[in-house]
Each structure stands twice: as structure tokens, then as C-alpha cells.
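Since the structure comes first, as C-alpha cells, the remarks are kept for the end.
The values are calculated or read from the model by the stated rules, or taken from the named source; none is laboratory data. The shown structure was predicted, so the numbers you read here are calculated from the model rather than taken from an experiment. Methodologically, a virtual Cβ is constructed for each residue, glycine included, from the backbone with ideal geometry; neighbour enumeration extends over all protein chains shown.
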Amino acid sequence: MTFAHPWVLHFSWSLPLVVVALIFYNRQKERDMRRLADLELLSRLTGRVQKGNRFLKGFLLLTALALMIFALAGPRWGSHFEEVTQKGIDIMIAVDVSPSMMVEDVRPNRLERAKREVQDFLRVVQGDRLGLVAFSGVAFVQCPLTLDYGAIKMFLNALQPGLIPVPGTDLGAAIETCLSAFNFKSNTDKVILLLTDGEDNEGKGVEAAQEAAKRGVKIFVFGIGNPSGGPIPVRGGKGGFMKDRAGNLILSRLNETGLRKIASMTGGTYVRSVTGDLDLDTLYFRGIKSSTEARALKSGKIEVHEERFSPFVVAAFLLLLLDGMIPERRSIERG
């Protein structure tokens with residue numbers, strides 16, 4: 001025998017307290033009644049207490065309470081196997097880790113905001129298979145498609161600007177790497193979730209998006225940053241900001257025009273990341289889920305334990321019913 005909620009059994013420690021409470025209640029009731037009249041008169045008015053019945057009623061109440069606690073714990077014995085199928089879609093998440101993602105035009109910076117967005121995204125995902133790609137001047141698969149969201153979180157936490165030594169932002173490489181991670185032999189709907197500030201230094205993002213559209217892959221985009229832009233911090237914690245050869249500050253701006261084009265040409269959606277969860281609802285529920293169809297990702301048999309709480313509930317009800325039918329006092333016949 002097993003229990004669905006074994007912690008409920010700890011309430012059984014309250015049964016001795018119930019016994020003490022019943023004894024105290026009966027004694028207090030007798031004292032209160034004796035204040036109203038003497039014992040002989042009370043016996044004539046209310047009947048004589050039947051100690052055997054009182055004990056039996058207390059026993060029935062205590063047993064019913066114990067049965068209800070046992071039922072709430074969810075006793076289970078016996079089992080059967082059920083065929084289950086997990087349905088969802090394949091989503092490759094591509095996160096920009098280029099130096100421009102350290103700009104602090106969103107708090108605390110673009111990369112940290114992107115990582116928090118993915119963490120929030122993981123909380124709302126419903127049975128889909130996820131993978132993770134990190135990209136800068138080149139792109140790498142950090143985690144292949146999996147149903148283990150804990151693995152995604154582990155690799156996500158490891159994303160840092162120095163993870164990829166090649167500088168720049170190559171959206172084309174990011175999209176192509178995501179495409180290479182899909183298994184196109186399966187009929188599962190496929191989606192790329194792109195988190196970036198949109199600075200496509202190589203200019204290959206649109207070309208790669210066209211290839212994705214041909215292969216039926218939709219691209220949904222989180223735009224991270226502010227269109228007005230901000231200076232790029234110098235790497236290595238030395239302080240200051242990056243400058244061009246003329247000594248002018250290099251400003252990195254969110255390129256929404258290019259990101260919208262990439263999303264729209266594949267049938268996806270562009271959303272600019274803001275504080276709150278509205279962007280997540282838009283992208284996942286009103287974007288990804290509404291434009292894709294969940295298909296079987298994994299099937300198999302699971303063991304289902306038989307719930308056996310109902311006999312104990314019925315027994316407790318019958319005991320309470322019997323308790324109500326047993327009189328505590330017996331009337332005295334007047335001569």
C-alpha cells in the first residue's frame with residue numbers, strides 16, 4: 001500500500017487531543033447542567049446518562065475521524081498501465097551573447113534580460129521539446145532538443161559574453177545552426193525563438209530566414225534593448241565604453257526593422273521585450289501556440305496506481321450516521 005499524500009497521516013497525532021477534548025467537553029457539560037438543578041431533577045428532565053452509550057458514541061466519532069484522515073492521505077494499492085502520448089512542438093532558442101548584449105539600456109543589461117526572458121518562457125512552456133543555441137560571430141548548439149527543461153536552465157545560466165571568442169553578431173549563423181538541430185524527417189512543427197538586439201553585422205539574417213521559411217520553420221523574435229541605444233561596456237571589467245578609431249563612443253541600437261522582417265517572412269511574430277509577462281503571452285500563447293499544431297513527441301506506458309480512498313469515506317459516513325442514532329441519555333419513566 002502506498003499513499004498519494006502521506007504527510008496527511010501526521011494529523012493522526014491529533015486523535016489523542018480529540019479524546020481529551022471529548023472528556024473535557026462531557027465533564028464541563030455535566031458541571032453546567034448541575035448548576036441549573038440537582039441531580040435527581042436533571043435525571044427526570046433530561047434522562048439518565050448512559051455511560052456505555054456515551055463511550056460508544058465517542059469511539060465511533062474517533063474512528064470516523066481516523067478513517068477520514070486515512071482517506072485524505074490517498075491510500076492506493078493495485079495498479080494498471082495506461083498508454084500516454086506527450087504532444088508538443090520543437091523549439092530552438094537562440095540567444096545572442098555578442099558584446100553589444102552587455103549594453104545597459106535595459107536593466108540589468110541586455111544579456112541578463114534575455115536570460116530572464118528565457119527562464120520565464122520555460123515556466124509557461126507546455127510539453128514542447130526545447131533546444132538552446134548561443135551565437136555571436138558564430139553559433140553553437142549548447143543543448144540539443146530535449147524535454148528536460150532543467151538541462152536548458154543549466155546551459156542558459158552558463159551563457160556569458162566571452163563564451164564565444166568570435167566577436168560580432170551573425171543572425172544568419174544563428175538561424176542556420178538552429179535549422180541544423182531539427183530533425184526534418186519528423187512531422188513535428190518547428191519554431192526558432194530568437195533573442196537578440198538585431199545588429200546583424202554579417203547581413204545574412206534575412207537570407208537564412210528565407211531558407212527557414214522554405215523548410216516550414218517559423219521564427220519568433222524577442223527584441224532585446226532600446227531603439228535609442230547605448231554604449232557598449234569594455235570587456236574584462238576594465239571600465240569605460242568601446243570607442244571607434246576616431247575616439248567616438250560606439251552606440252548599439254535595437255534594430256527592430258530587421259527583426260520584424262525576419263519574423264514576418266517566416267510567419268512568426270516580433271515582440272520587443274519589456275518588463276512583465278505580456279510579451280511571453282504574446283509570443284507563446286498568441287503566437288507560437290496559435291500558429292502551430294502540437295504533435296506526438298513521446299509515447300509510452302505509465303503505471304497508474306488505483307485510488308482506494310472511497311471505502312474509508314463510506315465507512316466514516318456510516319459511523320457518523322450510527323453515532324447520531326445512538327441516544328446518550330435514557331428517559332426515566334414517571335411512576
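Kindly establish whether residue 309 is farther than 25 Å from residue 163 by Cβ, surrounded by 14 or more Cβ atoms within 10 Å (Cβ to Cβ), out of contact with any Ser or Thr (no Cβ under 9 Å at 6 or more places or on another chain) and at pLDDT 80 or above. Yes: the conditions hold for residue 309. From the set of residues in the range 210-260 that are of a type in the set (Lys, Arg) and surrounded by fewer than 17 Cβ atoms within 10 Å (Cβ to Cβ), which is farthest from residue 120 (Cα to Cα)? Once the filter is applied, the top-ranked residue is 245.
Residues are listed down the side, and each one gets a yes or a no for (1) on the phi > 0 side of the Ramachandran plot; (2) at pLDDT 85 or above; (3) basic (Lys, Arg); (4) in contact with a helix residue (DSSP H, G or I) (Cβ under 8 Å, 6 or more places away or on another chain):
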{"residue": "235", "(1), (2), (3), (4)": "no, no, yes, yes"}
{"residue": "243", "(1), (2), (3), (4)": "no, no, yes, no"}
{"residue": "258", "(1), (2), (3), (4)": "no, yes, no, yes"}
{"residue": "294", "(1), (2), (3), (4)": "no, no, no, no"}
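Given the criterion surrounded by 15 or more Cβ atoms within 10 Å (Cβ to Cβ), assigned by TED's automatic domain parsing to the domain that holds residue 251 and closer than 15 Å to residue 222 by Cβ, identify the matching residue among 124, 106, 141.
106
Restricting attention to the range 148-177, and to residues there that are among the charged types (D, E, K, R) and assigned to a helix (DSSP H, G or I), which single residue is nearest to residue 219 (Cα to Cα)? My answer is 176. Suppose the filter is assigned to a strand (DSSP E or B) and either in contact (Cβ under 8 Å) with a residue 40 or more places away in the chain or among the hydroxyl-bearing types (Ser, Thr, Tyr) (or both); does residue 137 pass it? The answer is no for residue 137. Out of 133, 125, one residue alone is touching a Cys at 6+ places or on another chain (Cβ under 8 Å) and within 19 Å of residue 192 (Cβ to Cβ). It is 133.
Within the range 20-46, residues that are surrounded by 12 or more Cβ atoms within 10 Å (Cβ to Cβ) and at pLDDT 80 or above reach partners that are among the hydrophobic types (A, V, I, L, M, F, W, C) and part of a helix (DSSP H, G or I) with beta carbons closer than 8 Å, at six or more positions or on different chains, in the pairs 22/61; 22/62.
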